[in-house]
Every structure is written in C-alpha cells, then in structure tokens.
Amino acid sequence: MNTAREEVFKLRKEGHSYNHISQRTGVSKSTLSGWLFNVPYTPNKITIDRINKARVTSNKVKTKIKIESIERAGKEAKKEVGEITKRDLFMLGIGIYIGEGAKTNDIVRIINADPKIIKLAVKWFEEVCNLPRENFRIKLHVYPDNDLEQCIKFWSNASGIPSKQFQKTYIDIRKDKKMFKRGKLPYGTAHLSIRSNGKKEFGVYFARKINGWIEEVLK
C-alpha cells in the first residue's frame, strides 16, 4: 500500500465522506469509489454536521427560489388578468356554478369551504344577477369539533351576509366522518342559497335560467 491509499482507508474508517477524503488526499472521487466500495461506512460527527449544514443551505436556496418564482408568477398573472369586467364576472360566476352549484331546476345554491369562493359567488349574484342582499341565505355544515359561534361569525364576515339570514346549522355527527374531517375544515362548509322572497324572477325561474347559461357555455 502506498501512503495515499493508506490515508484514504484510514479516513474512510474514521467516517469521513468522499468529498473530505478527496480534498485531504488529492485522490479523485471516482478512484475512491473503486477503492472503498466494500469498506463499511458510518458517518462521523464532522460528516453528519457538514451534511446537515449543506441540507439547511440547500433548503434555504430552494425556498428562496420558490418564493421568487411565486412572486414572479403572481406579477405575471396580475398583468395577464388585467381589469375584471362585468362580462368577465358573468362568465366566471357560471364557471363556479358549474363546479360548485346545485344542478336541479328548482334550487339556486353554491356550496364551498373556501370563503373566497363564497364571497365571489355573493358578488356574482349581486352585481350580475341583480339579487338584493335580503334574498341570500347561508346554511353551515360543520362537525362536532367546530366552534359553532366562531363559524357563524367567520362566514358572516367573509360573505357579508348578516347572521340573522343564517339557517339552522347542520352538524355532521357521523363517526366515520368525524375523525377524517377533524381540524381540516375549522369553519365547516357554507351552503349559499337564494330565496325568491315572493319574486318569481328569483325563484324556480332563476334556477332554470342559470342552467340555461350553463348549457350554452358547455355547448
């Protein structure tokens, strides 16, 4: 054995990495791989600390790149979307209803756990469909671990609908659902519906009209 080879084996048995051994001895990592492939290896504290430090540095770099990418994408998206017109809102609302709305011809309802979706639905009904605020109703679907008072307050603030227009809350007490949903929906799900309040244009006819819009869009 020459001195370099002896040093290589000594360092490896001490738990040093290929990078460290290569820097210390000048032997390439490809050569080290050939010499040491069957030598048992347990990283020492120096190696572990170096690996952890490298991981932390790598994670910081990845996080920085991710944040910069999100910010850049956000700026581009804002520029591409531009000003939202009433026509844009009209079509967007139909899209939301296709995904989240009731599909029968006699009910107008949008269900979602995202307050932004419910808020946008309220805006659509008011500004596009010309519905008065008093025609709105919200029924919450919650679970036993939800705080009912906080849920009502949350959805009232998010939607702009006063709590007096909230219907009786449905509490899902099914045991097979309780553990699965625990903590995942802290404010439950909001069922935003429309009442005609004696005006036919906001009753069954309105539900049929929405379905007509959907049919036209999906043609």
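The values are calculated or read from the model by the stated rules, or taken from the named source; none is laboratory data. Quick caveat: nothing in here was measured; it's all calculated off a predicted structure. As a convention, Cβ positions derive from the backbone with ideal geometry for all residues, glycine included, and neighbour counts pool all protein chains shown. For accessibility, only protein heavy atoms count, side chains too; no ligands or nucleic acids. Shrake-Rupley method; radii C 1.70, N 1.55, O 1.52, S 1.80 Å.
Can you give me the angle between helix 3-13 and the longest principal axis of the chain, using Cα atoms only, in degrees from 0 to 90, rounded to the nearest 10?
The angle comes out at about 40 degrees.
Students often get this wrong, so check it: of Lys62/Lys153; Lys119/Lys164; Lys139/Lys200, which have C-alpha atoms separated by over 27 Å?
Pairs exceeding 27 Å: Lys62/Lys153.
For Trp35, Trp155, what's the largest-to-smallest order of accessible area, 1.4 Å probe?
Listed by decreasing accessible area, they come as Trp35, Trp155.
Holding the Cα-Cα limit at 20 Å, pick out from Lys116/Lys168; Lys199/Lys219; Lys10/Lys45 the pairs that are longer than that.
From Lys116/Lys168; Lys199/Lys219; Lys10/Lys45, over 20 Å: Lys116/Lys168; Lys199/Lys219.
Suppose only helical runs count, i.e. DSSP H with n ≥ 4. What mean residue ellipticity at 222 nm does that imply for the chain under -39500 (n - 2.57) per run, divided by all residues and rounded to the nearest 500 deg cm²/dmol?
Taken over the chain, the calculation gives -18500 deg cm²/dmol.
Based on Cβ point charges of +1 for Lys and Arg and -1 for Asp and Glu, what charge dipole magnitude is obtained for the chain about its Cα centre, in debye rounded to the nearest 20?
The dipole of the chain has a size of about 500 debye.
As I understand it, the dipole of the stretch 54-138 uses +1 on the Cβ of Lys and Arg and -1 on the Cβ of Asp and Glu, about the Cα centre. Which of Ile67, Met91, Trp124 lies farthest toward its positive end?
Looking along the dipole axis, the top candidate is Ile67.
Find the accessible area per residue for the chain; the probe is 1.4 Å, ligands and nucleic acids are left out, and the unit is Å².
That works out to 67 Å² for each residue.
Can you tell me the orientation of helix 45-81 relative to the chain, as the angle in degrees between its alpha-carbon axis and the longest Cα principal axis, to the nearest 10?
With rounding to tens, the tilt is 30 degrees.
Would you mind checking the tilt of helix 86-100 against the longest principal axis of the Cα atoms of the chain, expressed as 0 to 90 degrees and rounded to 10?
Taking the Cα atoms of the chain, the angle to 86-100 is about 80 degrees.
Express the relative contact order of the chain as a whole percentage, based on alpha carbon pairs under 8 Å and six or more residues apart in sequence.
Contact order relative to length: 19 percent.
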